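**Student:** Please see the structure below; I have some questions.
Taken together, the values in this text are just the output of simple stated rules run on the coordinates, not laboratory data. Bear in mind the structure is a predicted one, so any value in this text is a computation, not a measurement. Cβ: placed from backbone, ideal geometry, glycine included. Neighbour counts: every protein chain shown.
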Amino acid sequence: MKIDVMVAGEAHLRFVTQINDAIDEAAKQRGTGIARRTDEYIADKINSGKAIIAVNRDEFVGFCYIESWGHDEFVANSGLIVRPQYRGMGVAKRIKQAAFDLSRKRFPNAKLFGLTTGEAVMRINTDLGYEPVTFAKLTDDEEFWQGCQSCVNYDVLQRTNLTKCLCTGMIYDPVKVAKKKAAEAEAAAEAKKKSGSFWSRLFGK
Ligand SMILES: CC(C)(COP(=O)(O)OP(=O)(O)OC[C@H]1O[C@@H](n2cnc3c(N)ncnc32)[C@H](O)[C@@H]1OP(=O)(O)O)[C@@H](O)C(=O)NCCC(=O)NCCS
């Protein structure tokens with residue numbers, strides 16, 4: 001078996017209904033109540049180069065697409081699905097990494113975020129550098145939150161005035177990550193300098 005993960009293109013449009021069925025079926029099984037997307041919506045994501053697909057030769061394996069919100073200030077990876085027979089093999093991890101790379105390339109200044117109740121997605125997001133945050137740190141784009149309206153837990157979100165629900169919000173903030181990396185590099189350089197001066201004091205060099 002050779003599973004390839006790539007940005008979806010025209011050749012993958014034939015999988016649209018199958019992809020949508022798989023997302024829909026998984027949502028039903030999880031009992032989220034999330035409404036089915038239209039096939040046109042999925043096709044549009046593929047046509048605009050905003051979808052990642054995993055295939056095993058001629059067979060559809062998994063999928064995910066990206067959506068931007070709040071005038072491109074935020075980007076979410078949505079519709080993540082791996083067909084049941086391909087689960088537990090690291091496919092979602094590869095799809096999410098590809099979606100992350102695509103999001104960073106297409107929207108370099110955007111904060112990447114997601115809402116999930118799933119442990120697998122929380123683990124993958126954490127490995128990618130996402131952090132759990134309160135909903136106040138996510139987009140305030142009304143259209144995004146309207147997407148929660150069909151969820152079985154929407155009453156919770158309404159009662160809390162969009163501040164909390166059963167999902168965990170996670171965010172990757174490129175500015176924060178860059179600052180953290182710079183601080184780590186500075187600390188490492190400082191430690192190296194200190195250890196260098198220790199040895200030079202010891203051996204008088
Ligand atoms: C969630 C889903 C995409 C995971 O796909 P997958 O290819 O099996 O995931 P991976 O094999 O890449 O596993 C990624 C990580 O999640 C963990 N994981 C996978 N399935 C898990 C589960 N059901 N419960 C807890 N952890 C799980 C893996 O151990 C791995 O963690 P690690 O990196 O610490 O080892 C898949 O189960 C699915 O399509 N589910 C239905 C749709 C869905 O829930 N989508 C997410 C909506 S937010």
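**Student:** Would you point out the residue of the range 2-43, among those that are in contact (Cβ under 8 Å) with a residue 40 or more places away in the chain, closer than 14 Å to S78 by Cα and touching a strand residue (DSSP E or B) at 6+ places or on another chain (Cβ under 9 Å), that is nearest to the ligand (Cβ to nearest atom)?
**Tutor:** The extreme case among them is A26.
**Student:** Can we say M122 is more than 17 Å from the chain's Cα centre (by Cα), under 28 Å from V55 (Cβ atoms) and surrounded by 13 or more Cβ atoms within 10 Å (Cβ to Cβ)?
**Tutor:** No.
**Student:** Only one of these is surrounded by 18 or more Cβ atoms within 10 Å (Cβ to Cβ) and within 14 Å of the ligand (Cβ to nearest atom): F74, F113. Name it.
**Tutor:** It is F113.
**Student:** If you don't mind, another one. Does M89 satisfy the condition of being within 12 Å of the ligand (Cβ to nearest atom) and closer than 21 Å to C151 by Cα?
**Tutor:** Taking the combined requirement at face value, the residue does not satisfy it.
**Student:** Checking the condition aliphatic (A, V, I, L, M) and either under 20 Å from N20 (Cβ atoms) or in contact (Cβ under 8 Å) with a residue 60 or more places away in the chain (or both), which residue from L128, L80 passes?
**Tutor:** Of the residues listed, the single one that is aliphatic (A, V, I, L, M) and either under 20 Å from N20 (Cβ atoms) or in contact (Cβ under 8 Å) with a residue 60 or more places away in the chain (or both) is L80.
**Student:** Sticking with this structure for a sec: When the residues of the range 118-134 are filtered to those that are near the ligand (Cβ under 7 Å from one of its atoms) and among the β-branched types (V, I, T), which remaining residue is farthest from Q97 (Cα to Cα)?
**Tutor:** V121
**Student:** Still on this structure, please answer the following. Return yes when S68 is outside any helix (DSSP H, G or I), within 13 Å of the ligand (Cβ to nearest atom) and among the hydroxyl-bearing types (S, T, Y) and no when it is not.
**Tutor:** no
**Student:** Between a residue in the range 44-69 that is touching a residue at least 60 places away in the same chain (Cβ under 8 Å) and more than 11 Å from V7 (Cβ to Cβ) and any residue that is surrounded by fewer than 23 Cβ atoms within 10 Å (Cβ to Cβ) and acidic (D, E), which pairs come within a Cβ distance under 6 Å, given they are 6 or more apart or on different chains?
**Tutor:** W69/D141
**Student:** Across the range 161-192, what is the number of residues that are assigned to a helix (DSSP H, G or I) and in contact with a Gly (Cβ under 7 Å, 6 or more places away or on another chain)?
**Tutor:** 1
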